[in-house]
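Written out below as structure tokens is the structure these notes cover.
The values are calculated or read from the model by the stated rules, or taken from the named source; none is laboratory data. Being a predicted model, the structure only gives us computed values, none of them experimental. Cβ: placed from backbone, ideal geometry, glycine included. Neighbour counts: every protein chain shown.
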Amino acid sequence: MKTSHTANVVLRQARAISPNRGALGLSDLAISSDGTIASLTPYRAGNQWAHASKVLDLNGLTVVPGLIDAHFHMLATGTQLLTIDLATAKSVPEVMELLEAGKDKSGSEWLIAGHLDDEHPGARLPTLKELDHAFPRRPVFLEHRSCHFALCNTRAMKLLRLQTTARVKGLLDGQLVGIARQRLMEAQGEEFVERALRAASLAAARRGATTVHAMEGGDLFGDFALNVLKRIRDSLATDVVVYWCGTDVQRAVENGFDRVGGDSFVDGTLGSSTAALRYPYSDDRASSGSLQLTEQQVSAFFSAAAVSHLQSGLHVIGGRAIEVALRGIAQALPKAEAGTRWRLEHCGDVSKQQLRRAAQLGVCISTQPAFTYLRGGPRGVYAQRLGPRRTRRLYPLRWMLDEGIHVGGGSDSPITPADCLLGLESCVNARYSAQRTSALEALQIFTSEAAWCAGEEARKGDLVRGMQADLLVLKENPLTCAPDKIQQIPVLLVVRKGRPVCGPLMEGEGAWR
Ligand SMILES: [Zn+2]
């Protein structure tokens, strides 16, 4: 057989699933030495693949394309993996206990922690006074679970060269938090940043990702870590598509970024009541959130990106922020090349009418199904903020798909876990049945459609000859397993660019390593 001559490795008897063609039945998947798929043919018992350097018999295990996390914060995820996790702390004393218990974890004098959560009933943030009292000499930096602001003690403010004004009081938000994060990473050094980026990439790979769309740098994190990322990018566990998180298009061009805006904030988040809604918050009728960029700024940004031929996108959660972005894109449209793929990140409180316009404008949406899966429902924080009626139509996946919009799925890790299988489950088993997708649609959202959102659909996101050989061997078939069990499917092997990355199938005698 012709294709066997080019095959380097063959995965035999794979139950292959294509997101666009469905279940393909028992197949042999041959991988060329250049890391692309050489062939995918029906399994025939007689075909021994004698020319292959390695034949791995999968005995009917499921193979799907490598998953793509379309919204991932590498540096923030990695930093959290290496430092203290406050996710379980529901009160200030519990925060202090975890800080005390983990104070020697990183080996640095800095006490860095993430997932600080004041969104539980009755919870609040620690005060500057409390942090200073507990840790008078060691610098403390606490990232809020939303990653939209952070807390510092006086010692940290001093080392980060930030003035403790009456207004700031250790609470960093807006531009200040981006500056602080950059200086914090500089203080930890390149070695720490490299470890963090590697840890984040590997964590995503272990849960099925072969590509992440990394929201990095710019106003959110500063560019210090991007130089490290550039250097180690080819040796990471996943492919990394960098979305530079700044709105200064000129600077993006000068620095050689081809994707701009990324997760730059047009508004805030629902949990912290800062997303710019169309109507007031249910638990605070005086507020409907606020915009962090004006309509003129948003429109100028999209226009400048279009003129410079960069892919552009922004973070929008509330309907008012989405409106501003859609108008900005409409104004920029005449300056853009045909087929420009504008991206909107999140799109939580979006209306059907807005989705229709987004589809007409060629907007693709990068959204996070696990947000509502983990925090939605009648007793979740969203219901508290928005009331029962609006909660049911938050992050409306079904509506997005029905409008024909290209939707890429992501985790926004560390906001939700770096776990693409959790993402799949969140689509299929969504809190409100009206917004559920089929398992095949969910697979598309985390493979071919996510690839489309980054313009990589020609070489990623499906099992097709000539595409990059990014694939997973799974213990169960996600199309047929119970919707609430998808996250628990063991990932047996992760292959990227035709090379094994991680998974238990790499262990033992004769294994492919
Ligand atoms: Zn965001």
Could you check GLN250 against (1) buried (at least 22 other Cβ atoms within 10 Å of the Cβ); (2) within 26 Å of PHE224 (Cβ to Cβ); (3) away from the ligand (no atom under 16 Å from the Cβ) and say which number it fails? (1)
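Taking only the stretch 339-353 into account, find how many residues are under 13 Å from LEU394 (Cα atoms), of a type outside the set (A, V, I, L, M) and away from the ligand (no atom under 11 Å from the Cβ). Steps first, please.
The first filter runs over the stretch 339-353 and keeps only residues under 13 Å from LEU394 (Cα atoms), leaving 346-352.
Next, from what is left, pick out any that are of a type outside the set (A, V, I, L, M): 346-349, 351-352.
Those left that are additionally away from the ligand (no atom under 11 Å from the Cβ): 349, 351-352.
Final tally of qualifying residues: 3.
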Of the residues in the stretch 35-61 that are in a strand (DSSP E or B) and charged (D, E, K, R), the one that is farthest from TRP512 (Cα to Cα) is ASP57
Among (1) under 22 Å from LEU116 (Cα atoms); (2) in contact with a strand residue (DSSP E or B) (Cβ under 9 Å, 6 or more places away or on another chain); (3) within 16 Å of the ligand (Cβ to nearest atom), the one test that ALA203 misses: (3)
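From the list ALA214, ALA275, ALA321, ALA286, pick out the single residue that is part of a loop (DSSP other than H, G, I, E, B) and either within 19 Å of the chain's Cα centre (by Cα) or within 16 Å of the ligand (Cβ to nearest atom) (or both). Quick ask: steps written out before the conclusion?
Working: ALA214 fails: part of a loop (DSSP other than H, G, I, E, B); ALA321 fails: part of a loop (DSSP other than H, G, I, E, B); ALA286 fails: either within 19 Å of the chain's Cα centre (by Cα) or within 16 Å of the ligand (Cβ to nearest atom) (or both).
After applying the criteria, what remains is ALA275.
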Of the listed residues (GLY510, GLY461, GLY466, GLY455), the one being buried (at least 20 other Cβ atoms within 10 Å of the Cβ) and at positive phi is GLY461
Do any strands (runs of 3 or more DSSP E) entirely within the stretch 395-511 hold 3 or more residues that are assigned by TED's automatic domain parsing to the domain that holds LEU344 and under 30 Å from GLN360 (Cα atoms), and if so, which? 407-409
Quick check, is ARG259 more than 22 Å from the chain's Cα centre (by Cα), away from the ligand (no atom under 13 Å from the Cβ) and of a type in the set (Lys, Arg)? no
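Consider THR62 carefully, then state whether it is within 16 Å of the ligand (Cβ to nearest atom) and buried (at least 19 other Cβ atoms within 10 Å of the Cβ). So that I can check it myself, show each step before the final result.
Values: within 16 Å of the ligand (Cβ to nearest atom): no; buried (at least 19 other Cβ atoms within 10 Å of the Cβ): yes.
It is false that THR62 is within 16 Å of the ligand (Cβ to nearest atom) and buried (at least 19 other Cβ atoms within 10 Å of the Cβ).
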Scan the stretch 225-258 residue by residue and report those that are touching a residue at least 60 places away in the same chain (Cβ under 8 Å) and not in a loop (DSSP other than H, G, I, E, B). ALA225, LEU229, ASP239, VAL240, VAL241, TYR243, VAL249
